[in-house]
Amino acid sequence: MGKRIVIFASGNGSNAENIIKYFKQRNTAETVLVVSNKADAKVLKRAEKHRISSLFVPKDEINGSLDFLEMLKNLKLDLIVLSGFLLKFPEHILKQFEGKVINIHPALLPKYGGKGMYGKYVHQAVFDASEKETGITIHYVNENYDEGAVIFQKKVSLSEEDTPAIIAEKIQKLEIEYFPKVIEDLLLKKY
């Protein structure tokens, strides 16, 4: 098998499931674990459905447990993928996996990034600003929200008729199409 990925997610997990399905059809990588900081996150059920190990890890353990860090190190990971993970990623894990933690953001960073800017809040802000375009940003994770080096951006045009819900749909299409491909290209050192 190819490279080894762990996905961190906090909610529904549609992007995480898309990544799992994408790599099940290829030999380049496999998702070896899905981690969530919420016990009732739908992403955990999605992982189980695909026979991927899943783990609920409370916020305090993610932020400070050396046992959790050791478990991650023992997985011999090539990449940690944040897919709708709503906690600030802990610096002690970043230090162990430097250059191996990426995130997807539903806007064209540096616009509409930072603490509290996720999902519907981003789409509402884009709508309120009457933006003519928006998009996705896939970036490395550093110690600050949404400030790591950009790996990939894809834009989509907006019209005056686009509501926040329509903006969300446009963004989700981009995420589904591009996130797994960018992960694969990154693992194959095309970036």
> Can you name the residue in the stretch 40-78 that is of a type in the set (A, V, I, L, M, F, W, C) and over 18 Å from the mean Cα position of the chain (by Cα) and is also modelled with the lowest pLDDT among such residues?
Replying inline: L66
>> Against the condition closer than 26 Å to K181 by Cβ and either crowded, with 16+ Cβ neighbours inside 10 Å or touching a Ser or Thr at 6+ places or on another chain (Cβ under 8 Å) (or both), how does V57 come out, does it pass?
In response: no
> Hey, among the residues in the stretch 15-41 that are crowded, with 17+ Cβ neighbours inside 10 Å and of a type in the set (G, A, S), which one's nearest to L72 (Cα to Cα)?
Replying inline: S36
>> For the stretch 1-36, give me the residue count where each residue is part of a helix (DSSP H, G or I) and either within 17 Å of F68 (Cα to Cα) or β-branched (V, I, T) (or both).
In response: 2
>> If I filter the stretch 54-64 for residues that are small (G, A, S), closer than 20 Å to Q96 by Cα and in a helix (DSSP H, G or I), do I get at least one hit?
In response: yes
>> Please return the ranges of helices (runs of 4 or more DSSP H) entirely within the stretch 77-191 where 3 or more residues are in contact with a helix residue (DSSP H, G or I) (Cβ under 9 Å, 6 or more places away or on another chain) and surrounded by 21 or more Cβ atoms within 10 Å (Cβ to Cβ).
In response: 119-128, 164-187
>> Just to be sure I understand the filter: pairs with C-beta atoms under 6 Å, separated by 6 or more residues or on different chains, first member in the stretch 101-125 and over 24 Å from V6 (Cα atoms), second member aromatic (F, W, Y). Which pairs pass?
In response: V122/Y112; A125/Y112
>> What's the number of the only condition in (1) farther than 21 Å from K189 by Cα; (2) free of Cβ contacts under 8 Å to residues at least 24 places away in the same chain; (3) among the polar types (S, T, N, Q) that Q25 fails to meet?
In response: (1)
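The values are calculated or read from the model by the stated rules, or taken from the named source; none is laboratory data. From a predicted model like this one, the values you see are computed outputs, not experimental measurements. Don't worry about glycine lacking a Cβ; one is built from the backbone with ideal geometry, like all the others, and counts go over all protein chains shown.
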